[in-house]
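The values are calculated or read from the model by the stated rules, or taken from the named source; none is laboratory data. Predicted model, so just to flag it, every value in this text is computed and none were measured. So basically every Cβ, Gly included, is an ideal-geometry build from the backbone, and we count neighbours across all protein chains shown. All accessible areas refer to the heavy atoms of the entire protein, side chains included, with ligands and DNA or RNA removed. Shrake-Rupley method; radii C 1.70, N 1.55, O 1.52, S 1.80 Å.
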Amino acid sequence: MRFTDTSRVRAFAKDPAVVRFGDGYFLYYSISAFGDGRSGDGLAIGIAHSEDLDTWTRVGEIGPVQDCERNGICAPGAWVHGGKVHLFYQTYGNGPKDAICHAWSSDGVHFERNESNPVFPPHRRVELRDAPSTPTWWKTATVCCSTTPPAIPISVSKCWGWRRRR
C-alpha cells in the first residue's frame, strides 16, 4: 500500500489508521497545514477510501471545529463499533493543553464530535503534543495514547464513560 495526500502545500500522510467499514476500507491520517496564513490553518485529518487496500482515493478531511481543536488535530486512531467508525485523535499546537478528542461517523466520512471533548484532557505533567504514535486499541475496551513520557492508557466503558487507567 502506498498513499500520500497532495491536497496541501506538500505531500503528507502521517499517522495512518485503517479500518474495514461498509463497502471497503477507510484510511485516516494526519495532513499538514496549508502554511499560507489562512484563518484556521493547522494540521487536520485526511480520509481516503479503498476497495482493495492497494488503490486509494482521497474522499475528505476533518478539520478543527471545536475550541479545543482550534490550532489543529492529528494522529487519528479508528475503531469500528456499533455500526459506526469511532475516531480518537489528538489536538495539536496547544502545548500543555493538547488533549484526546472523540468523533463518530455512520458513513466513514462525515463525523460528529463528542460534545464532551476533549474526552481525555491532559494530566498537568504530560504534554500530548509529544506523542510519537497514534492511539492504539487493545481488545475492544481500552485505547492507549502513547506520549513521551509516560504512556497514558485510558479505559473505555460501555457507556463511553472515560477514566484514566492506572
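Within the stretch 55-69, being part of a strand (DSSP E or B) and among the charged types (D, E, K, R) holds for Arg58, Glu61.
Entry remark, the stretch 67-88: residues being at positive phi, open to solvent by less than 60 Å² (accessible area, probe 1.4 Å) and modelled with pLDDT under 95 number 2 in total. Evaluate the following for Asp52: is it of a type in the set (D, E, K, R), assigned to a loop (DSSP other than H, G, I, E, B), farther than 20 Å from Trp104 by Cβ and touching a strand residue (DSSP E or B) at 6+ places or on another chain (Cβ under 9 Å)? Yes, satisfied. Please verify whether Gly40 is open to solvent by 60 Å² or more (accessible area, probe 1.4 Å) and modelled with pLDDT under 90, treating the condition exactly as stated. No: the conditions fail for Gly40. The C-beta contact set for the stretch 101-116 (first residue closer than 14 Å to Gly83 by Cβ, second residue at pLDDT 95 or above and of a type in the set (Asp, Glu), distance under 7 angstrom, 6+ apart or interchain) comprises Trp104/Glu112. The one condition from (1) free of Cβ contacts under 8 Å to residues at least 60 places away in the same chain; (2) among the hydrophobic types (A, V, I, L, M, F, W, C); (3) crowded, with 23+ Cβ neighbours inside 10 Å that Ile47 does not meet is (1).
Filtered by the rule that a residue be outside any loop (DSSP other than H, G, I, E, B) and either in contact with a helix residue (DSSP H, G or I) (Cβ under 8 Å, 6 or more places away or on another chain) or within 13 Å of Arg20 (Cα to Cα) (or both), the stretch 104-119 gives no residues.
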